[in-house]
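Before any comments, here is the structure.
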Amino acid sequence: MTNWSVIIGIAKTHLLTKMKSTVTAALGVTFGIGAYITMAGFMTGLNNLLDGLVLNRIPHVRLYNEIEPSKKQPVSVYADFKDAFNVINSIKPKESEKKIHNALPILEYLKTQDAVKGATPQLQAQIFYLSGSIELGGMLIGADIMEETRLSNFNDYIVKGSPEALRNNANGILLGAGLGR
């Protein structure tokens, strides 16, 4: 059987006779735990912020039509070069469109899947903004604004106006803050 009164007496004697060491140790442990809690909270908040900025602003999966070089190059049409070793530089892609063929049936199929939270079509084009003699490169993105708002925190980034107002205006446009200035 343990004699608690003896153990507590010994601990009390050591703590009270070496008060400076006791206070230093207590403050060190307190500071260490406080620093750990602060850093854990900071990292959790930073991770949540980055997840919100990165994962909710870009699609998790993006489907697109990859344009590849033609399998049959003009040199392979000629019989004289059939058995020769041909080195072709600067292979040009065959004439094909960038759009996805049968995009609407694919979109409807994706929307029926239980694992898919949502799917929305999007149109992207590189453009130039002209302001007097200044040309700025940019990206024009067309999307279903209400579906984008439902699937992401898109509404948090709109400073003036609303997604509903943008949807109801056939010539509506959403500008970034830099371009607006």
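The values are calculated or read from the model by the stated rules, or taken from the named source; none is laboratory data. Remember, it's a predicted structure, so these values are computed and weren't measured experimentally. Note that we place each Cβ from the backbone using ideal geometry, even for glycine, and neighbour counts take in every protein chain shown.
Please enumerate the residues belonging to region 96-143 that are under 25 Å from the mean Cα position of the chain (by Cα), of a type in the set (Gly, Ala, Ser) and more than 18 Å from Leu63 (Cα to Cα).
Within region 96-143, Gly137, Gly138 meet the criteria.
Within the set of pairs 6 or more residues apart or between chains, which connect a residue that is part of a loop (DSSP other than H, G, I, E, B) inside region 153-181 to a residue that is surrounded by 12 or more Cβ atoms within 10 Å (Cβ to Cβ) with Cβ atoms less than 7 Å apart?
The qualifying pairs are Asn153/Gly52; Asn153/Asn56; Gly172/Leu166; Leu174/Leu166.
Which of the following residues is surrounded by fewer than 10 Cβ atoms within 10 Å (Cβ to Cβ), closer than 22 Å to Val54 by Cβ and either out of contact with any helix residue (DSSP H, G or I) (no Cβ under 8 Å at 6 or more places or on another chain) or at pLDDT 85 or above (or both): Ala170, Ala143, Ala177, Ala119?
Ala177
Being within 46 Å of the chain's Cα centre (by Cα), among the polar types (S, T, N, Q), modelled with pLDDT of 80 or more and within 30 Å of Ala143 (Cβ to Cβ) narrows it down to one of Asn48, Asn56, Asn65, so name that one.
Exactly one residue qualifies, and that residue is Asn48.
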